[in-house]
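Data first, discussion second: the structure below is written as structure tokens.
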Amino acid sequence: MDDLLILGFRFFGNEVPEAQLERARHLDAGKLGTVLRSMWRRGTGLVAVDVLERDSAVEAELTLQDVLGEVQSPLVAQTETQDLGDTTYVMPGGGGVYFVRANLVMVVRDAGDATSVLDTARALDSWVIAVPEPGGTAPPQIRRVDVSDQGEIDIDIVDPLGHPVWVKLRAVEGRLFRRQNKAVLEPGRPAEVTVVAVGENGIAMAQARPAT
């Protein structure tokens, strides 16, 4: 199964079909660190989405448990599902979804008149794991992707309009994580790394293999 690592995740407003992004900003969430907090309008309802980015999938799983520890309701239950997250918990009635995908923790909650937030959670999860087609009006430029003998991944990406870009790394074999702000691949044997750069006005893709 592919391993996935997300770097610098952000919202541009096109991630949830039939929903409008009203605001998104990074906030200090105390012991949980920095959280990307956003508000989406779907029809007459509001959906709040919090995203916490960690250095690895293992850290994300631990953070999810910390988040659940702050939930007031004892009725939040783990759910076995193949179409939402690596680990998923859902509040009764679908009013809140707490899940991990790769190194991201996502909390999707009803913020007013949203009958269910499961569709929003599934849309976001699908966007994170998708392998999109490159292109767009002004996609990012991946100028370099190098993988050292130690598995450190050096990436040079620029956006032609100077806008922010987030990155998803995918490896068919091996484990991806971040160490000292640098992405690292720990393969059992040389593995190809796919780099997807997601910008506001397009998507770029490149591939690299560890040095031999």
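The values are calculated or read from the model by the stated rules, or taken from the named source; none is laboratory data. Note that the structure is a prediction, hence the values are computed from the model and not measured. Cβ: placed from backbone, ideal geometry, glycine included. Neighbour counts: every protein chain shown.
A compact table of results
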| quantity | calculated |
| --- | --- |
| Matching residues, region 49-89, being in a helix (DSSP H, G or I), at pLDDT 95 or above and acidic (D, E) | E59, E61 |
| Number of the condition not met by Q82 [criteria: (1) in the same structural domain as F11 (by TED's automatic domain parsing); (2) farther than 15 Å from W40 by Cα; (3) touching a residue at least 12 places away in the same chain (Cβ under 8 Å)] | (3) |
| Flag if G136 is small (G, A, S), over 28 Å from G174 (Cβ atoms) and in the same structural domain as V67 (by TED's automatic domain parsing) | no |
| T120 vs. criteria polar (S, T, N, Q) and either in the same structural domain as L176 (by TED's automatic domain parsing) or touching a residue at least 24 places away in the same chain (Cβ under 8 Å) (or both) | yes |
| Single residue of region 19-48 satisfying the filter (among the small types (G, A, S) and outside any loop (DSSP other than H, G, I, E, B)) that is surrounded by the fewest Cβ atoms within 10 Å (Cβ to Cβ) | G30 |
| Among (1) in a strand (DSSP E or B); (2) closer than 27 Å to I203 by Cβ - the single one D110 does not satisfy | (2) |
| Residue in region 136-146 that is hydrophobic (A, V, I, L, M, F, W, C) and either assigned to a loop (DSSP other than H, G, I, E, B) or more than 23 Å from G202 (Cβ to Cβ) (or both) present | yes |
